[in-house]
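Notes follow the structure.
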Amino acid sequence: MPELPPAIPAPPPSPGPSDPTVAMLRRFPVKSMLGERLPELVIDERGTIGDRLWAVTYGDGKLGSGKNSRRFRRTEGLLHFSASYAAAHDAATARPHVVTPGGSGLRDDAHLAELLGADVRLAREDAVSHYDDCGVTLIGTASLHALGRILGDTEPADARRFRKNILLDTGEPWIEEDWVGREIAVGDEVRLRVVKRMKRCVMTTMAQRDLPEDRRVLKTLTADRGMCIGIGADVLTPGTVRLGDTVRPV
């Protein structure tokens with residue numbers, strides 16, 4: 001009997017016609033400030049490199065935020081500041097460039113303290129993570145459309161309110177929540193384990209530069225979605241996520 005040729009390994013699953021794709025990528029260099037839109041995100045074991053790596057920090061170690069807790073102190077006006085890195089390679093090491101509510105560049109920590117009226121400085125993450133929960137967060141466009149309908153609006157809820165790293169173009173509302181407890185592949189490199197639905201806080205209601213305050217958002221999420229929208233994930237395989245990448249459970 002002739003020897004059979006060696007079996008050819010099966011190729012990885014091809015993207016399906018309805019698999020979600022990456023529609024927008026955001027990074028937030030300073031916790032609780034506005035961030036930057038990017039064509040790609042570099043992911044390491046911690047999460048997006050440079051994301052929430054810095055924070056407004058009080059003398060007692062509490063971090064400036066939109067809420068009060070054991071770790072955070074509510075600090076008004078942070079969502080009127082924005083932060084970015086000068087170049088992609090700066091994200092792991094350099095201090096971010098911060099633009100003040102007036103549109104000028106932040107000079108130094110004394111300038112920050114003056115603007116916020118508090119004894120604060122901009123500090124890099126040390127032993128304790130600045131993340132509330134997970135290192136990578138995702139949300140689907142169909143979920144934003146669904147929330148907009150629940151709110152009675154003609155437009156989808158604005159993704160900027162929820163401060164997620166990855167916005168997915170999805171065809172079905174809340175489909176991303178079905179991935180909790182599963183691994184997902186993002187493009188050809190990154191694998192994540194989805195660990196939870198993300199509970200949202202009062203920051204979702206706060207005014208940003210060109211977004212008005214909207215207290216309906218958190219009330220509606222609380223009543224209809226258990227305060228949750230979007231998902232949080234831990235990193236299994238680092239790599240780069242790019243616009244247009246396909247996302248699928250594995």
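The values are calculated or read from the model by the stated rules, or taken from the named source; none is laboratory data. This structure is a prediction, so every number in the text was calculated from the model and none was measured. Here the Cβ is made from the backbone with ideal geometry for all residues, glycine too, and neighbour counts use every protein chain on show.
Among (1) more than 23 Å from Ser82 (Cβ to Cβ); (2) more than 19 Å from the chain's Cα centre (by Cα); (3) loosely packed, with under 14 Cβ neighbours inside 10 Å; (4) at pLDDT 95 or above, which single condition is Glu213 missing?
(1)
Looking at the stretch 71-80, can you tell me whether even one residue there is within 19 Å of the chain's Cα centre (by Cα) and assigned to a loop (DSSP other than H, G, I, E, B)?
Taking the stretch 71-80 and keeping what is within 19 Å of the chain's Cα centre (by Cα), we get 72, 78-80.
Add one more test, that the residue is assigned to a loop (DSSP other than H, G, I, E, B), and what stays is none.
No: the stretch 71-80 contains no residue that is within 19 Å of the chain's Cα centre (by Cα) and assigned to a loop (DSSP other than H, G, I, E, B).
Could you tell me which residue of the stretch 223-250 is surrounded by the fewest Cβ atoms within 10 Å (Cβ to Cβ), considering only residues that are of a type in the set (D, E, K, R) and not in a strand (DSSP E or B)? Spell out how you get there, then give the answer.
Filtering the stretch 223-250 down to residues of a type in the set (D, E, K, R) leaves 224-225, 234, 242, 245, 248.
Now narrow it down to the ones that are not in a strand (DSSP E or B): 224-225, 245.
On the way: Asp224: 14, Arg225: 18, Asp245: 21.
The extreme case among them is Asp224.
Which residues, taken from the stretch 170-183, are buried (at least 17 other Cβ atoms within 10 Å of the Cβ), in contact (Cβ under 8 Å) with a residue 60 or more places away in the chain and in contact with a helix residue (DSSP H, G or I) (Cβ under 9 Å, 6 or more places away or on another chain)?
Once the filter is applied, which keeps residues that are buried (at least 17 other Cβ atoms within 10 Å of the Cβ), in contact (Cβ under 8 Å) with a residue 60 or more places away in the chain and in contact with a helix residue (DSSP H, G or I) (Cβ under 9 Å, 6 or more places away or on another chain), the stretch 170-183 yields Thr170, Glu176.
How about the stretch 29-67: which of its residues are farther than 19 Å from Asp108 by Cα, of a type outside the set (Lys, Arg) and either touching a His at 6+ places or on another chain (Cβ under 9 Å) or part of a loop (DSSP other than H, G, I, E, B) (or both)? Walk me through how you get there before you give the answer.
Looking only at the stretch 29-67, we keep the residues that are farther than 19 Å from Asp108 by Cα, and these are 36-51, 60, 62, 65-67.
In the following step, the residues that additionally are of a type outside the set (Lys, Arg) were identified as 36, 38-45, 47-51, 60, 65-66.
Answer for the stretch 29-67, where residues must be farther than 19 Å from Asp108 by Cα, of a type outside the set (Lys, Arg) and either touching a His at 6+ places or on another chain (Cβ under 9 Å) or part of a loop (DSSP other than H, G, I, E, B) (or both): Leu38, Pro39, Asp44, Glu45, Gly47, Ile49, Gly50, Asp51, Asp60, Gly66.
Report whether or not Ala83 is part of a strand (DSSP E or B) and within 18 Å of Thr240 (Cα to Cα). Working first, answer last.
Working: part of a strand (DSSP E or B): yes; within 18 Å of Thr240 (Cα to Cα): no.
Judged against the criteria, Ala83 is not a match.
Suppose we filter the stretch 96-108 for residues that are surrounded by fewer than 15 Cβ atoms within 10 Å (Cβ to Cβ) and either of a type in the set (Phe, Trp, Tyr) or out of contact with any Gly (no Cβ under 8 Å at 6 or more places or on another chain) (or both); how many remain?
Step one: filter the stretch 96-108 for residues surrounded by fewer than 15 Cβ atoms within 10 Å (Cβ to Cβ), giving 101-105, 107-108.
Next, from what is left, pick out any that are either of a type in the set (Phe, Trp, Tyr) or out of contact with any Gly (no Cβ under 8 Å at 6 or more places or on another chain) (or both): 102-105, 107-108.
Here the count works out to 6.
Being hydrophobic (A, V, I, L, M, F, W, C) and part of a helix (DSSP H, G or I) is the filter; apply it to the stretch 149-187 and report the residue that is nearest to Arg248 (Cα to Cα).
Trp179
Checking Ala127 against (1) part of a loop (DSSP other than H, G, I, E, B); (2) within 20 Å of the chain's Cα centre (by Cα): exactly one of these is not met. Which one?
Just one mismatch for Ala127, condition (2).
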